[in-house]
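See structure below.
The values are calculated or read from the model by the stated rules, or taken from the named source; none is laboratory data. Since we're looking at a predicted model, the values are computed, not measured. Heads up, the Cβs are rebuilt from the backbone with ideal geometry, glycines too, and the neighbour counts pull from every protein chain shown. To get the accessible areas, we keep the full protein, side chains included, count just its heavy atoms, and leave off ligands, DNA and RNA. Shrake-Rupley method; radii C 1.70, N 1.55, O 1.52, S 1.80 Å.
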Amino acid sequence: MTRLIFLGAPGAGKGTQAKLLAESQGIPHISTGDILRAAVAHQTPLGVKAKQYMDAGELVPDSLVIDLIRERLQEPDAQKGWILDGFPRNEPQAGFLDTLLQEIHQECDRVINLDVPDEVVVQRLVKRGEDSGRSDDNEATIRRRLDVYREQTAPLIAFYQTKNALVTIDGNQSMDAVTAALKAAVA
Ligand code: ADP
């Protein structure tokens, strides 16, 4: 059973790598960012509430993502394992996840920290913004997302270091090298 949490700055490559690994393991890749972007695109009540925060590079309110994760982890496909990408993103979300996992009798087996220097992350995101047109990949919003990451998400590295098996992987290598390092880490 593979149950993993991916941590890392915006642009660290979490989404790309989490998707590949989830496919190879036949388990769902659960990305709160992807779920929220789909909700925004479909103008669901969740999307309408989330959009302004996402465009500003801020976290959406915890209650919105918490409800979403509570439901998602209880779907049938998530009983075979999962990879969480983009959740938890702050200490309250991490505390909620701990409690939820106890309630539903699941345990996270590893936390992967994809480490990439800030300059590299900014370059990657600016390029992604040009290529994909993602509305939060403009320089001002990117800088805010990085600040939010440093203030709220990076402290989770220490939180999980004392709690779970945290593995840090150098994300500043070729995509294939990162994929190989990840496979070795979860084997
Ligand atoms: P990135 O990590 O590249 O910034 P994501 O797709 O993970 O991209 O997230 C995009 C945006 O979605 C975030 O800036 C935030 O507004 C929102 N978001 C995603 N996950 C969460 C979460 N767990 N809590 C709050 N907001 C979230």
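Phi angles across the stretch 107-123 convert, under the Karplus curve 6.51 cos²θ - 1.76 cosθ + 1.60 with θ = phi - 60°, into 3J(HN,Hα) values of 9, 6, 8, 8, 10, 9, 10, 8, 9, 9, x, 3, 4, 5, 4, 4, 4 Hz, Gly and Pro given as x. I'd like the distance between the alpha-carbon centres of the stretch 1-49 and the stretch 88-139, rounded to an integer number of Å. After rounding, the separation between the Cα centres reads 9 Å.
Over the chain, all Cα pairs binned in 5 Å intervals from 0 give whole-percent P(r) values of 1, 8, 17, 21, 22, 18, 10, 3, 0, listed from short to long.
Here the extension length gained between Lys49 and Ala154 equals 35.3 nm, from 0.36 nm per residue of separation less the Cα-Cα distance. Comparing mean-square fluctuations of Ile35, Ile66, Ile112 from a GNM of the chain with C-alpha springs under 10 Å, the top value falls on Ile35.
Suppose the chain between Met175 and Ser135 were pulled fully straight at 0.36 nm per residue; how much longer would it get relative to their current alpha carbon spacing?
Details: separation 40, 0.36 × 40 = 14.40 nm, distance 2.43 nm.
Additional length available on full extension: 12.0 nm.
Which value, in debye to the nearest 20, describes the size of the charge dipole of the chain about its Cα centre when Lys and Arg Cβ atoms bear +1, Asp and Glu Cβ atoms bear -1, and nothing else is charged? Don't skip to the end; give the middle numbers.
Working: 21 positive and 27 negative charges, 29 e Å.
The calculation lands at about 140 debye.
Pairs from the table (Lys49/Lys127; Lys49/Lys183; Lys14/Lys80) lying more than 30 angstrom apart at Cα are Lys49/Lys183. Projected label points at Arg70 and Gln161, each 7 Å from Cα along the beta carbon direction, are separated by 3.2 nanometres.
Element breakdown for the chain at a 1.4 angstrom probe: carbon and sulfur atoms account for 51% of the accessible area.
Can you tally the net charge around Glu151? Count Lys and Arg as +1, Asp and Glu as -1, for every other residue whose Cβ sits under 12 Å from the Cβ of Glu151.
On the way: positive: Arg89, Arg144, Arg145, Arg150; negative: Glu58, Glu91, Asp147.
Local charge sum for Glu151: +1.
The stretch between Glu119 and Arg144 holds 7.6 nm of extra length on full extension. This uses 0.36 nm per residue minus the Cα-Cα distance.
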